[in-house]
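Scroll down for the structure; my scribbles are underneath it.
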Amino acid sequence: MQNARSLQRDDSRIIIHFDYDCFYASVVENENPALKSVPLAIQQKQIVVTCNYEARRRGLRKLQLITEAKRVCPDAVIVLGEDLTRFRDASKELYGFLQRSVWSGRAERLGFDEVWLDCTDMVDYNVGLLNQNDLTHSFFCLARDDPTVGFDYDASTVFGPTFPAHAFQRASCTEEEAQLRQRLVVGSHLARHLRHELESQKGYTSTVGIATNKLLAKLVGNVNKPKSQTTILPPYRPVGHVDATVTQFLDKHDIGKIPGIGFKLAQKIRTCVLGRQLGLPQPYTCGDAKYSVTVQDVRSHSGMGPEMLEEILGGAGSPRGIGGKVWELIHGIDDSEVGKVKRVPSQISQEDSYPRYLVTFAEVKKQLHTLSERLIRRMRMDLLEDEEGEGEEEFRPREAGPRRRWMAHPRTIRLSTRARPATAPDGARQRMSNRISRSAPMPNLVFSLVEEPSILADRLVEETLVPMFRKLHHEKAGWNLNLINVAVTNMAETAAESKDSQGRDIGRMFRRQDEVLKDFRVTVDSEGDDGTGSLSPRGEHLDPEIPDSIRNAPKADCLATDDWDFEGDDGQQADRCEYCHYEVPSFALAAHRRYHELGT
Ligand code: DCP
Ligand code: MG
């Protein structure tokens, strides 16, 4: 049987987890610094989703009703936070800042306000630079190619609070443990530096955890909030009869607080440990002392182990080996990688809920338009990038701004709705109704960068969303909708350099090919021409009517139809390009045309 001792710990990485303090409130404060010194609450619907620490000092809480908040603190400034644009943008900016700060580029975002960084290489490099005879005067090197970039620090001691609060000093610790301690100390100084940079350069304070994996780093950060950092110190493995610090730390947590153990799994574990079937749907909340089941309760429950957990949690719909996985999590073992930077999100969606219900077609259409316009704006923010300068020599007015290109084309659009819950025969209304959705191929028109988003939204609603809505709701009226969501999914990345890319960016492909092949290219002098037009490098006759921009993108290069990812089975159509007459998948036609229009 796999017990705590036979579990395989990997403590070779150093992971730093960031949680920005009262994030939405900080975004608003950064826009208007005068609000920093007053109690500030952010409202969504009738709830305070977050508030600054001045407000918390005056009795406001996250997820409090607005009415209650106004009663507790009548002079609180309440700012509406239903439009997420400013929070999303700030989140993206901070993420980019942190991601660029680590050599590995390994930065993973969770929601808007949490980021993990894999700092293993930076830490190990700097451990290698330490002078063991003079640790107090160390220099942390932040750039491998420039030894002068960095900061001074004291590598003999950890920066900031630790778990346990007072490190248990043992005269004889193993070599391995001493090394881990040193690496965590160096990591704690890097964390301090990054927190400081985030605050001084971007205006955000954060709460940070430092450990050897994502799970531990995230949890230990919570020990000292706000504006602080906490490091879990070794021993990470049991020594004699002394539990590992990791075990001591995790044991006090409610089982439902362990990342990776969601609500349903936690309920099943609680049910088993408490030895009785707990009556759903009256869920116990984490921290409800009556039902609280801690990690220690689970670990020490008679017969508990990966097999028992598999019995409790396995079965239809559960991933294989879930028992072993959960057993590892409660021992602080998490080998999940800090995700590599994702260039594009896997989907983008906009939704709104309507407590007063949408009843008429005009109302539905108006909301579809609002959501579509927001969606198109969001697509432009998340999926466009500045065109790189390579190969662009011709004049371009500065005021035109940088050229933009789509990094990915979503190939599917999905419309989801949720209707008012049905009434049972006894007249009682069900608590919730489910969403229903319908998907369709993404129309090309949304990729136009010439039209305004509101004009494109008009067309998207008329040509695509209204027909989808009709198929979703056969009834002519009386839908009583309380939610609409419009999403784009099934992203086809367009950058040829990306390993994951499915499609190809023909502009880049051509420019790169041009560069790579330049020494091998055989060109035909115009003298060799027969007067009917020039010859392309491949000797094809070119039509003198075709503008240079297109001529420079000879057919065989600009089209290579088999470089495109044709999705035959979802009904994806191919269209003919009016410039070069090659067939291009419909979803890519707008981008393809734009390629000609740009004349690259
Ligand atoms: N948020 C939300 N709805 C929720 C919970 C949170 O819209 N039910 C938003 C508001 C928060 C942000 O997400 O600012 C991050 O959530 P956190 O729980 O991390 O809360 P804060 O960052 O605001 O506060 P803290 O300082 O406690 O981390
Ligand atoms: Mg936060």
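The values are calculated or read from the model by the stated rules, or taken from the named source; none is laboratory data. In this text, all values refer to a predicted model and were calculated from it rather than measured experimentally. No Cβ is skipped: glycine too gets one built from the backbone with ideal geometry, and neighbour counts run over all protein chains shown. Each accessible area value is taken on the protein alone, full model and side chains, heavy atoms only, with ligands, DNA and RNA left out. Shrake-Rupley method; radii C 1.70, N 1.55, O 1.52, S 1.80 Å.
Please turn the phi angles of the stretch 222-237 into ³J(HN,Hα) values with the Karplus equation 6.51 cos²θ - 1.76 cosθ + 1.60 (θ = phi - 60°), one per residue in order, whole Hz, x for glycine and proline.
With the stated coefficients, the stretch 222-237 comes to 5, 5, 10, 10, x, 6, 8, 8, 9, 10, 7, 8, x, x, 7, 10 Hz.
Å³ per residue of the Cα convex hull, for the stretch 79-183?
In the stretch 79-183, the Cα convex hull volume per residue is 163 Å³.
When the chain is fully extended, how far beyond the present Cα-Cα distance does residue 489 get from residue 437, taking 0.36 nm per residue of separation?
17.4 nm
Obtain the radius of gyration and the Kirkwood radius of the stretch 293-345 from its C-alpha atoms and give Rg over Rh.
Here the Rg-to-Rh quotient is 1.13.
From the phi of every residue in the stretch 312-321, what ³J(HN,Hα) in whole Hz does the Karplus formula 6.51 cos²θ - 1.76 cosθ + 1.60 yield, where θ is phi - 60° and glycine or proline is x?
Coupling constants for the stretch 312-321: 6, 9, x, x, 4, x, 9, x, 5, x Hz.
Around residue 412, which amide H atoms from residues at least 5 apart in sequence, or from another chain, sit under 5 Å from its own amide H, with H modelled in the peptide plane?
For residue 412, whose amide H was placed from the backbone, the distant partners under 5 Å are 442, 489.
Report the label-to-label distance for residue 449 and residue 135 in nanometres (one decimal), using points 7 Å from each Cα along the Cα→Cβ vector.
5.3
Please list, in chain and number order, the residues 5+ apart from residue 473 or on another chain whose amide H is under 5 Å from its amide H, with Hs placed from the backbone.
So residue 473 has HN proximity to no qualifying residue.
Cα centroid distance between the stretch 116-194 and the stretch 24-93, in Å?
Centre-to-centre distance over Cα atoms comes out at 37 Å.
In the stretch 4-253, what percentage of the DSSP-assigned beta bridges are antiparallel, given to the nearest 5?
70
Name all residues of the stretch 11-39 having a backbone nitrogen under 14 Å from the label point set 7 Å from the Cα of residue 58 along its Cα→Cβ direction, giving them as ranges.
35-39
Loop only by DSSP, 16 or fewer other Cβ within 10 Å of the Cβ. Give me the chymotrypsin sites (Phe, Trp or Tyr not before Pro) in the stretch 120-168 that pass, ordered by residue number.
168
Go through 45/325; 218/325; 225/252; 36/92; 92/218 and tell me which ones have a Cα-Cα distance over 29 Å in this structure.
The answer is 45/325.
List the residues, sorted by chain then number, that are 5 or more residues from residue 110 or on another chain and whose placed amide H is less than 5 Å from its amide H.
115, 116
Can you give the Rg to Rh ratio of the stretch 53-103, both from alpha-carbon atoms, with Rh computed by the Kirkwood formula?
1.18
Going from most exposed to least, what order do 109, 100 have by accessible area with a 1.4 Å probe?
The most accessible residue leads, giving 100, 109.
If you take all C-alpha pairs in the stretch 4-253, what percent of them are over 34 Å apart?
25
Pop out the ³J(HN,Hα) list for the stretch 367-379 in order, Karplus 6.51 cos²θ - 1.76 cosθ + 1.60 with θ = phi - 60°, rounded to Hz; leave Gly and Pro as x.
Result, ordered by residue: 5, 4, 5, 4, 5, 5, 5, 4, 5, 5, 4, 5, 4 Hz.
When only alpha-carbon atoms are used, what values of Rg and Dmax, in angstrom, describe the stretch 1-150?
Rg and Dmax of the stretch 1-150, Cα atoms, are 21.2, 61 Å.
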